[in-house]
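What follows draws every value from the coordinates through simple rules; no lab data is involved. Keep in mind that this is a model prediction, so the values were computed, not measured. FYI the Cβ positions are ideal-geometry reconstructions off the backbone, even for glycines, and counts take in every protein chain you see.
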Amino acid sequence: MKPEETIDYHFKVCWHAISRMYNTEAVKNDMTTSIGFVLLNIDQQKGTPATKIAPLLGLEARSLTRILKSMEEKGLIYKVSDPSDKRLVRIFLTEKGLEKKEVSRQTVKLFNNKVRDVIPQKELDVFFKVCERIQGMIENKEIF
C-alpha cells in the first residue's frame, strides 16, 4: 500500500499544511501555533486551570509547561493560585495576551471562512462525521 492510499497519510499531510500556514501567520506576531491555541483556550473572566489546558489541545503536561513558561516570559499570561485550593493554578491573559488572542481568533476565523467558502457544507458535514467516527474508534480501542 502506498502512503498516499492510507487514511492517516491524508490527516497528517493536511494537518501539517494547516500547521505551517498557522505558523507562518504566528511568526508575524511573535507567536507559535501552540501559543495561539493556548491563548484561544484561556477563559479571561474565570481564568483557566493549567491542568485543563493540556487535554483540550492534546498536549502532554511537559509540553504545556514549556509553552506556558514561554508565554509568561513574553508577557502574555500570568498565574494566580486558587484561593480555595492552593494546588490549583489559574492562567489569565495580560493585555498583550488578549491582543494576541484576538489575532489568533481572527486567523482561525479567516481560515474557517475561506474553507467554508470553497467546500460545501454537505461535504464538511461528511468530513466531520468521518473524523468523529475515527476518533471514537480510537478512543474505544476498536483498532488495536
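Working from label points 7 Å from Cα in the Cα-to-Cβ sense, the Lys96 to Glu5 distance is 5.2 nm.
In terms of other Cβ atoms within 10 Å, Leu57, Leu76, Leu93, Leu110 run from fewest to most in the order Leu110, Leu57, Leu93, Leu76.
Along the axis of the charge dipole computed for the chain (Cβ charges of +1 for Lys and Arg, -1 for Asp and Glu, origin at the Cα centre), the listed residues Leu93, Met21, Tyr9 are led at the positive end by Leu93. Placing pseudo-labels 7 Å out from each Cα toward the beta carbon at Arg62 and Lys79 gives an inter-label distance of 1.8 nm. Note on the chain: with charges restricted to the Cβ of Lys and Arg (+1) and Asp and Glu (-1), its dipole about the Cα centre is near 340 debye.
Spatially, segment 74-144 and segment 38-66 are offset by 10 Å when compared through their Cα centroids. Label point of Asp43 set 7 angstrom out along Cα-Cβ; within segment 87-114, amide nitrogens under 16 Å from it belong to 88-93.
So for Phe92, Phe144, fewest C-beta neighbours within 10 Å to most, what's the order? Mind showing how you got there, number by number?
Working: Phe92 17, Phe144 4.
Fewest to most other Cβ atoms nearby, the residues stand as Phe144, Phe92.
Fully extending the segment from Ala17 to Asn112, taken as 0.36 nm per residue of separation minus the present Cα-Cα distance, adds 32.8 nm.
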